[in-house]
Amino acid sequence: MSSQTSSNVENLSPQVIRQVSKELSQLVSNPLEGIRVCLNEEDVSDIQAVIDGPACTPYFGGSFRVKLVLSKDFPLSPPKGYFVTKIFHPNVSRNGEICVNTLKKDWKSDLGIKHILLVLI
């Protein structure tokens with residue numbers, strides 16, 4: 001899990017950094033219901049959010065921290081998603097990696113951070 005803690009910002013193009021920064025700023029100023037984005041001003045590639053457990057699920061009432069790790073060829077390839085908060089779910093591996101089609105075979109380069117976070121709730 002060392003890739004989860006190391007910065008990847010030096011591997012991203014200035015254009016990608018600008019786009020991700022813009023999208024994260026929009027998510028902070030206009031938050032999605034049940035999702036709080038945590039900005040890291042020093043490292044735009046450190047994308048973390050806290051997701052409230054959805055109503056009518058066993059997760060209701062809980063808060064779950066997620067982390068997205070951008071690859072050097074983002075947005076051509078999807079980020080890896082991890083639950084930092086320990087969670088038991090069929091789409092979450094023991095190390096917290098999230099396995100959903102949006103982050104695998106259904107990835108499209110025009111999908112943004114907002115779309116990924118919405119898929120996770």
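Which of 37, 27, 53 sits closest to the plus end of the dipole of the stretch 1-90, meaning its Cα is farthest towards the positive end, when Lys and Arg get +1 and Asp and Glu get -1 on the C-beta?
53
When 1/r is averaged over all different Cα pairs and the result inverted, which Kirkwood radius in Å belongs to the stretch 9-120?
Across the stretch 9-120, the inverse of the average 1/r is 14.5 Å.
On the protein heavy atoms, probe 1.4 angstrom, tell me the percent of accessible surface of the stretch 41-97 carried by carbon and sulfur.
That fraction is 58 percent.
What is the magnitude of the charge dipole of the chain about its Cα centre, with +1 placed on the Cβ of each Lys and Arg, -1 on the Cβ of each Asp and Glu, and no other charges, expressed in debye to the nearest 20?
Dipole magnitude for the chain comes out near 320 debye.
Under a 1.4 Å probe, what is the accessible area of the stretch 34-121 per residue, stated in Å²?
Heavy-atom accessible area per residue stands at 57 Å².
If the chain between residue 77 and residue 15 were fully stretched, how many nm would it gain, using 0.36 nm times the residue separation less the Cα-Cα distance?
Length gained between residue 77 and residue 15: 20.8 nm.
Treating cross-link reach as a plain straight distance, find the aspartates and glutamates whose alpha-carbon is under 15 Å from the alpha-carbon of residue 108, omitting any fewer than eight places away in the same chain.
Hits, sequence-local ones excluded: 73.
Please list 3J(HN,Hα) in residue order for the stretch 64-73, calculated via the Karplus relation 6.51 cos²θ - 1.76 cosθ + 1.60 where θ = phi - 60°; whole Hz, with x for glycine and proline.
Each residue of the stretch 64-73 in turn: 10, 8, 10, 9, 10, 10, 7, 7, 5, 9 Hz.
Angle between the Cα long axis of helix 14-29 and the longest principal axis of the chain, 0 to 90 degrees, nearest 10?
Its long axis makes an angle of about 40 degrees.
For a Förster distance of 35 Å, can you work out the FRET efficiency between the beta-carbons of residue 110 and residue 88, rounded to the nearest 0.05?
It comes out at approximately 0.60.
The values are calculated or read from the model by the stated rules, or taken from the named source; none is laboratory data. Values in this document were obtained by computation on a predicted structure and should not be read as measured data. Because the Cβ atoms are built from the backbone with ideal geometry, glycine has one as well, and the counts that use them run over all protein chains shown. In case anyone asks, the SASA skips ligands and DNA or RNA and just uses the protein heavy atoms, side chains included. Shrake-Rupley method; radii C 1.70, N 1.55, O 1.52, S 1.80 Å.
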